[in-house]
Amino acid sequence: MKTGLIILVVLIIIALLVGSSFISRRNQMAIKREAVNASWAQVDVVLQRRADLIPNLVETVKGFAQHETEVFGEIARARAGYMNATTPADKIAANSQLEASLAKVLLLTENYPLLKSNENFLRLQDELAGTENRIAVERRRYNETVQDYNTYISLFPNSLVASFGGFTRNDAYFKTEPGAREVPKVNFNTKPAPAAAPAPAPAKP
């Protein structure tokens, strides 16, 4: 009788310890997941800020480069794609397209010197530069928060708790695509290059 009681007490203690550990780990996962959501909210704010600056920037550039319709059409489509995105993963993908299109618009300044000295353009450029710096900071923090969450739920025995608790891996990272850090090479000069002069004929003996 005493042996059975001891076994029962031991089983109850083990069950309490396991249950306590499960609850503790699950709560920690919930905290980390909410940290990811909070970090994404900060990223979303600064990305939206940039998207709001783009129309005014484009209108200013248009005043000096009205015929660059292909570039303006591309950034309009990229911005619309970003504004229509709903999930973090979709917004991250749309953001990559928007960054590439915005770079092409800013490259137009190399062909229009007067644009570089336009007061409105300079002001918008400064606002955009400040926003880009903020995006870089918040994007890095977001990636670190997502990595921390993913690492935590993948460790054993956390992985078991995650599978029972409905916590799944978050793959909505900001990734650096190949060539993403390179400035896009856009050639606005449509004039053909001059043909090379023919080589002189060899002298007759």
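The numbers here are math on the coordinates, done by the rules we state, and not lab data. Nothing here was measured: the structure is a model prediction, and the numbers come from that model. Note that we place each Cβ from the backbone using ideal geometry, even for glycine, and neighbour counts take in every protein chain shown.
A few notes on this one:
- What the phi angles of region 115-132 give under the Karplus curve with 6.51, -1.76 and 1.60, with θ = phi - 60°, is a coupling list of 5, 4, 9, 5, 4, 5, 5, 4, 5, 5, 5, 5, 4, 5, 4, x, 5, 4 Hz, glycine and proline written as x.
- Equivalent-ellipsoid semi-axes for region 2-149 (Cα gyration tensor, √(5λ), whole Å, largest first): 55, 14, 9.
- The packing ranking of peptides 153-163, 136-146, highest mean first, is 136-146, 153-163, where packing means the average number of other beta carbon atoms within 10 angstrom of each residue.
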